[in-house]
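One structure is given here, and the rest of the page talks about it.
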Amino acid sequence: MELIAVDLAKRLFRAEFADVRPIAGVTANLSVYTAFTEPGDVMLSLAIPNGGHITYGPKRVGGTAGRVRGLDVEYLPFDEESMNVDVDAARRKIEKLTAEGRKPRIVVFGGSLFLFPHPVRELSDYLRSMDIKVAYDGAHVLGLIAGGEFQDPLREGADVMMGSTHKTLPGPQGGVVLSWERYADQIKQAVFPSNVSNHHLHHVAGKAVAFAEMLAFGREYASQVVRNARRLAEELASRGFKVLGEAKGYTRSHQVVLDVTRNGGGMSVEKRLEDSNIIVNRNLLPYDLREGRSYKDPGGIRIGVQEVTRLGMKEGEMADVAEFIARVIIRNEPPERVAADVAEFRRGFNRVNYAFESPLEAYEYVKLVR
Ligand SMILES: Cc1ncc(COP(=O)(O)O)c(C=O)c1O
């Protein structure tokens, strides 16, 4: 079972090596830190308000990198206008750290708030010339990458890519590490015995089915996800919402990010939408801390369209979704009234798409019976 999952993962991501044992994205990240760093090493990654995840955090905020692996975390410079890593400033920062005797051991691209592809290609030759490892955390965008959308980190120069198997990759909750044969032994040893003992085999079976489904339907699915996100962003902007990333066409991923500071703030918007049967999450925006907001009541809302896409919604339905959101947040309609309309709308989308029709098909695909 595990070997089948490994084989499918390698084919799906065109990776020479795959480890399907990490039981979560956090475990995958920690395994990569274990494989490629030592405690005390400097790691460069995005700060949380700029889209970074708590697994990249320093010790003082309880981040996995700092607190668990003992890494000395420095932040990747970020350009708020383009909502992306600032390539020139990143180079300058690495030069400065190196001159101070704190050369980074690893750079981690990727993040939780992730609208546009990160500049892996632009920086990887430089990083390699400095003997700095290039890691890419595809937790959120793994399904898009599998479907040939967004970016292809392993071809762009990443040494290793890790991720969750339950976000845009529509599998069971879990993690995966993808890399090159030359790193196989050090990654395997970092996963077991360092970070996983029992690797939840029932989830490994689910991962294998998800990989097989993405090999069969991933291109179609990922392309529809990205088109839906872009359309939802446009529909929300046309209804008066402040949508981030406008200069770049709002998004190239599954996410749409709104600045709701003038709509009552992230906490209130999240709650009013939840009461209307619309699940989104409040999210820190790059400028929130500077402007006195905190993670409890941040300025942003992050919306992901991967799940409604899997239920069969296309661009036309994104206009309906934007309209539901506008009714509650812009026109202040009572959430109970909108909730009933959302439930009625949602009744038309109860089938899982981009999936094998029968439970047998997944097994036929991997030819369990020779
Ligand atoms: C960028 C990023 N990496 C890693 C993780 C951790 O993933 P998991 O929830 O699978 O542990 C997350 C979770 O949201 C994330 O956003």
Discussion item. Heavy atoms of the protein only, probe of 1.4 Å, neighbouring chains included. What is the accessible area of S179 in Å², nearest 10?
Written reply: 0 Å²
Practice prompt. Let me know the charge dipole size of the range 217-346 about its Cα centre in debye, to the nearest 20, where only the beta-carbon of Lys, Arg (+1) and Asp, Glu (-1) is charged.
Written response: 420 debye
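Could you please put K59, K133 in sequence from largest to smallest accessible area, using a 1.4 Å probe?
Details: K59 140, K133 50 Å².
The residues order as K59, K133, largest area first.
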Worksheet item: Excluding same-chain residues fewer than 8 positions from K314, which lysines have a Cα within less than 28 Å of its Cα?
Response: K167, K207, K242, K248, K271
Worksheet item: Expressed as a whole number of Å, what is the distance separating the alpha-carbon centroids of the range 79-108 and the range 287-347?
Response: 35 Å
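Taking a probe of 1.4 Å, how large is the accessible area per residue of the range 217-346, in Å²? Walk me through the numbers on the way to the answer.
Numbers: 5840 Å² over 130 residues.
Accessible area per residue: 45 Å².
In Å², and per residue, what accessible area does the range 2-213 have when probed at 1.4 Å with the other protein chains present? Could the numbers behind the result be given before it?
Working: 7820 Å² over 212 residues.
About 37 Å² of surface per residue is accessible.
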Worksheet item: Over the range 40-151, what relative contact order in percent results from Cα pairs under 8 Å that are six or more residues apart?
Response: 24 percent
Worksheet item: Using a 1.4 Å probe, how large is the accessible area of R302, given in Å² and rounded to the nearest 10?
Response: 40 Å²
Worksheet item: So who's got an amide H within less than 5 Å of the one on N281, skipping anything under 5 residues away but keeping other chains? H placed 1.01 Å off N, in plane.
Response: R302
Discussion item. Could you derive backbone 3J(HN,Hα) for the range 195-200 from the dihedral phi with the Karplus parameters 6.51, -1.76 and 1.60 (θ = phi - 60°), listing whole Hz in sequence and x where the residue is Gly or Pro?
Written reply: 10, 9, 10, 8, 9, 6
Practice prompt. Calculate for the chain the 222 nm mean residue ellipticity that helices alone would give, adding -39,500 (n - 2.57) per DSSP H run of length 4 or more and normalising by residue count, nearest 500 deg cm²/dmol.
Written response: -12500 deg cm²/dmol
Worksheet, complete the sentence: Heavy-atom accessible area of I4, protein chains in place, probe 1.4 angstrom, given in Å² to nearest 10, is 50 Å²
Worksheet item: Under a straight-distance cross-link criterion of Cα-Cα below 19 Å, which aspartates and glutamates are reachable from K10, leaving out those fewer than 8 residues away in the same chain?
Response: E2, D19, D137, E149, D152, E156, D159, E181, D185, E213, E364
Discussion item. Given Cα positions, please report Rg to Rh for the chain, the hydrodynamic radius being the Kirkwood one.
Written reply: 0.97
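Ranked highest first by average number of other Cβ atoms within 10 Å, how do 97-103, 32-38 line up?
Numbers: 97-103: 12.0, 32-38: 22.6.
Going by the mean number of other Cβ atoms within 10 Å, highest first, we get 32-38, 97-103.
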Practice prompt. First check a/c for the range 2-213, with a ≥ b ≥ c the square roots of the eigenvalues of its C-alpha gyration tensor; if it is under 1.5, answer rounded, and if not, answer prolate when a/b is larger than b/c or oblate otherwise.
Written response: prolate
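Tell me, in nm to one decimal, what length is gained between A184 and A216 on full extension, where the rule is 0.36 nm per residue of separation less the Cα-Cα distance? Mind dumping the intermediate values first?
Details: separation 32, 0.36 × 32 = 11.52 nm, distance 2.67 nm.
Here the answer is 8.9 nm.
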Worksheet item: Rounded, prolate or oblate: which one fits the range 217-346, using the alpha carbon gyration tensor with axes a ≥ b ≥ c (rounded when a/c is under 1.5, else prolate when a/b beats b/c, else oblate)?
Response: oblate
Worksheet item: How much of the accessible area of the range 2-213, in percent, comes from carbon and sulfur atoms when a 1.4 Å probe is used?
Response: 49 percent
Practice prompt. Kindly write out, for the range 279-287 in residue order, the coupling ³J(HN,Hα) from the Karplus curve 6.51 cos²θ - 1.76 cosθ + 1.60 (θ = phi - 60°), rounded to whole Hz, with x marking Gly and Pro.
Written response: 9, 9, 10, 5, 8, 5, 9, x, 9
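Over the chain, what is the relative contact order in percent, taking alpha-carbon pairs closer than 8 angstrom and at least six residues apart? Provide the component values of the computation, followed by the final result.
Values: 749 pairs, mean separation 64.4, N = 370.
So the answer I get is 17 percent.
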Discussion item. Just to be sure I understand: of the beta bridges DSSP finds with both ends in the chain, what percent are antiparallel, rounded to 5?
Written reply: 55 percent
Worksheet item: With the Cα gyration tensor of the range 127-215 giving a ≥ b ≥ c as the square roots of its eigenvalues, does the rule (a/c under 1.5 for rounded; else a/b larger than b/c for prolate; else oblate) give rounded, prolate or oblate?
Response: oblate
Discussion item. Place a point 7 Å from Cα of E38 in the direction of its Cβ. Which residues in the range 94-109 have their backbone N less than 13 Å from it?
Written reply: 105
Worksheet item: For the range 57-75 and the range 110-147, what is the separation of their C-alpha centers, rounded to whole Å?
Response: 20 Å
Response to the item:
Counting sequence-distant residues (5 or more places) and residues on other chains, those with an amide H built under 5 Å from that of V260 are G300, I301
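The values are calculated or read from the model by the stated rules, or taken from the named source; none is laboratory data. The structure displayed is predicted, hence computed values, not measured ones. So basically every Cβ, Gly included, is an ideal-geometry build from the backbone, and we count neighbours across all protein chains shown. Please note that ligands, DNA and RNA were not included when accessible areas were found on the heavy atoms of the full protein model with its side chains. Shrake-Rupley method; radii C 1.70, N 1.55, O 1.52, S 1.80 Å.
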